[in-house]
């Protein structure tokens, strides 16, 4: 899959916020690619820059933030587009679904109105055609009785249904790329699986790419092709889902995998990574995970490791443990 | 409709399009005071707009034979110093007072609504300009401002029948800032809601975002404040007319009818001249406020037991 041009290529993306305490580097120079038809998962715990990454790709960060680097979507650098051009891309080529389906729909508009609206905005079609397309979309996301659904208001539907509707709206204009920011977090477990399967099926049907942001490794194992592990605004490890799960390299990734409850094994206490994500203000050059890492060495507190692979594979890690020369010195 | 519509959808029964406004109506019908307010208002409207057609004195005008009559069978509320039937005049005055009240409310809500939405949605320089003008207008005390404007109007000798419209404009000029402020604050909080972020993500243009998404969310608030402000506008008009600065005779308004109470003789000896318009103002304003309160309680989404 890696031979062709990536659909989305994020290069040295930085998103900084000025706060009273100093500069917050929420995202600090991350690189990753998403190819056509691929699902990439960004994982990490709360506050490590996953959502900010998604927001900066969508161009939704407030003007007070500073976004640097390149975000190439199908050859266009999104960071350099004018507001009007960006608006034309959003919802059309690049779409997004959110964590909270309950609040992401306007409470005073019917589902149908909110679905046709996107179609009317981005496509030259009549209202009648848009309604017809909406009905098809509702069928596509697996809800029956479309005629009733498009006439109902958001508060009349359940969370799972609303998330399906959100997906239908996001996919209305056949986007090339879908960003899903924790799409299943607010749903209960049985619905989670349904929604994930739905996303997976639709992705295969339309051959779009998906960037899935989650902290749920179960979700990752189920849908991801490749995984990007983020910690404190940096990518600490990335590789295919098999490599990450079978052979995690970074101590943080190992910790995440250990901290995941396994069905059928009843441990006294679930493993946790000690400590918490460091404050993102004025970090000194070091491995940011150093003070939580059981393998911490002297160099870890002095220099920032780079993301690289020890062989030529796609599996990259940013950890001094794997920098042979340094370790052996 | 024993089931909630949510259950009906999930259990696969057919559900009719249930509109949010139907629910509002349902809640509204449960509020007796609000209904009473609405009924009284309807009566006042009928009284003012239809009533005069039943009056034998519509075309009579002044009548030197029948001045200063106390209420009797042919003149139920007596006559004034020009021999005009007070009841007929009260009805005609009601037309003017209600028209001014509602007209001023429409203007104020339109100006305040548009400016408030623009200021809240766009923020920045537009917000600064609109809200600073509003602040300046709000620092000026309303009544003296109205007096000055009315005095200028008298100076320019505006014809009596046009003064009605100028009073409307004056009242709305004084009233729009507080409305704009209210709407702006509502829009500010709506703007940060997730569904507004979602419209951004879907690449909708500003026109759609404002007209389709923001406006319907502000409409309930607009309806309630508009209703309540009708009462205020009727009162202000009466005050102005009472001082002879609003609607002036020969056009009748409740305010300038009470004006007769200024004369000591009329005040002590002829209460039928000033009590009826006073009662009319009182009843109308109370009814408007009852209706407004009821509307607020039935529309306010925070009261909704979702």
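Condition first: within 30 Å of residue A:62 (Cα to Cα) and assigned to a helix (DSSP H, G or I). Can you find one or more residues in region B:93-110 that meet it? No, region B:93-110 contains no residue that is within 30 Å of residue A:62 (Cα to Cα) and assigned to a helix (DSSP H, G or I). Of the numbered criteria (1) surrounded by 19 or more Cβ atoms within 10 Å (Cβ to Cβ); (2) in a helix (DSSP H, G or I); (3) within 14 Å of chain A (Cβ to nearest Cβ), the one residue B:208 fails is (1).
Against the numbered list (1) more than 14 Å from chain B (Cβ to nearest Cβ); (2) within 29 Å of residue A:318 (Cα to Cα), residue A:51 comes up short only at (1). Determine whether residue A:113 is at the interface with chain B (Cβ under 10 Å from one of its Cβ atoms), out of contact with any helix residue (DSSP H, G or I) (no Cβ under 6 Å at 6 or more places or on another chain) and either closer than 24 Å to residue A:194 by Cα or at pLDDT 85 or above (or both). So residue A:113 fits the description; yes. If you check residue A:142 against the conditions, is it farther than 10 Å from residue A:168 by Cβ and more than 8 Å from chain B (Cβ to nearest Cβ)? It is false that residue A:142 is farther than 10 Å from residue A:168 by Cβ and more than 8 Å from chain B (Cβ to nearest Cβ). No other residue among A:106, A:85 is crowded, with 22+ Cβ neighbours inside 10 Å, within 11 Å of chain B (Cβ to nearest Cβ), at pLDDT below 90 and within 18 Å of residue B:208 (Cα to Cα) apart from A:106. Residues in region B:248-292 that are assigned to a loop (DSSP other than H, G, I, E, B) and farther than 19 Å from residue B:161 by Cα: B:263, B:270, B:274.
Quick check: anything in region A:66-76 within 13 Å of another protein chain (Cβ to nearest Cβ) and crowded, with 18+ Cβ neighbours inside 10 Å? There is no residue in region A:66-76 that is within 13 Å of another protein chain (Cβ to nearest Cβ) and crowded, with 18+ Cβ neighbours inside 10 Å.
Tallying residues that are more than 30 Å from the chain's Cα centre (by Cα) and either surrounded by 15 or more Cβ atoms within 10 Å (Cβ to Cβ) or at pLDDT 80 or above (or both) within region B:34-70 yields 4.
Residue by residue, here is whether (1) facing chain B (nearest Cβ under 9 Å); (2) surrounded by 24 or more Cβ atoms within 10 Å (Cβ to Cβ) holds:
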{"site": "A:120", "(1), (2)": "yes, no"}
{"site": "A:146", "(1), (2)": "no, no"}
{"site": "A:158", "(1), (2)": "yes, no"}
{"site": "A:169", "(1), (2)": "yes, yes"}
{"site": "A:175", "(1), (2)": "no, no"}
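There is at least one residue in region A:263-275 that is within 28 Å of residue A:24 (Cβ to Cβ), modelled with pLDDT of 75 or more and surrounded by 12 or more Cβ atoms within 10 Å (Cβ to Cβ).
The criterion of being outside any helix (DSSP H, G or I) and either under 19 Å from residue A:29 (Cα atoms) or touching a helix residue (DSSP H, G or I) at 6+ places or on another chain (Cβ under 9 Å) (or both) holds for residue A:294. Of the residues making up region A:1-22, those that are touching a strand residue (DSSP E or B) at 6+ places or on another chain (Cβ under 6 Å) and surrounded by fewer than 14 Cβ atoms within 10 Å (Cβ to Cβ) are A:12, A:21, A:22. Restricting attention to region A:177-199, the residues that are crowded, with 22+ Cβ neighbours inside 10 Å, part of a helix (DSSP H, G or I) and out of contact with any helix residue (DSSP H, G or I) (no Cβ under 6 Å at 6 or more places or on another chain) add up to 1. The number of residues in region A:36-54 that are part of a loop (DSSP other than H, G, I, E, B) and surrounded by 19 or more Cβ atoms within 10 Å (Cβ to Cβ) comes to 4.
I'd like the residue in region B:213-262 that is surrounded by fewer than 18 Cβ atoms within 10 Å (Cβ to Cβ) and under 30 Å from residue A:89 (Cα atoms) and, out of all such residues, is nearest to the other protein chains (Cβ to nearest Cβ). Among those residues, the one meeting the criterion is B:216. Given the structure, is residue A:163 away from chain B (no Cβ under 12 Å) and touching a residue at least 60 places away in the same chain (Cβ under 8 Å)? Spelling it out, residue A:163 is indeed away from chain B (no Cβ under 12 Å) and touching a residue at least 60 places away in the same chain (Cβ under 8 Å). Residue count for region B:13-33 under the criterion of being surrounded by fewer than 15 Cβ atoms within 10 Å (Cβ to Cβ), modelled with pLDDT under 55 and at the interface with chain A (Cβ under 9 Å from one of its Cβ atoms): the result is 3.
The lone criterion from (1) part of a helix (DSSP H, G or I); (2) surrounded by fewer than 17 Cβ atoms within 10 Å (Cβ to Cβ) left unmet by residue B:82 is number (1).
Within the set A:222, A:242, the sole residue that is surrounded by fewer than 22 Cβ atoms within 10 Å (Cβ to Cβ), assigned to a helix (DSSP H, G or I) and touching a residue at least 24 places away in the same chain (Cβ under 8 Å) turns out to be A:222.
The values are calculated or read from the model by the stated rules, or taken from the named source; none is laboratory data. Everything numeric here is computed off the predicted structure, so don't read it as measured data. Cβ atoms come from the backbone with ideal geometry, glycine included; neighbour counts cover every protein chain shown.
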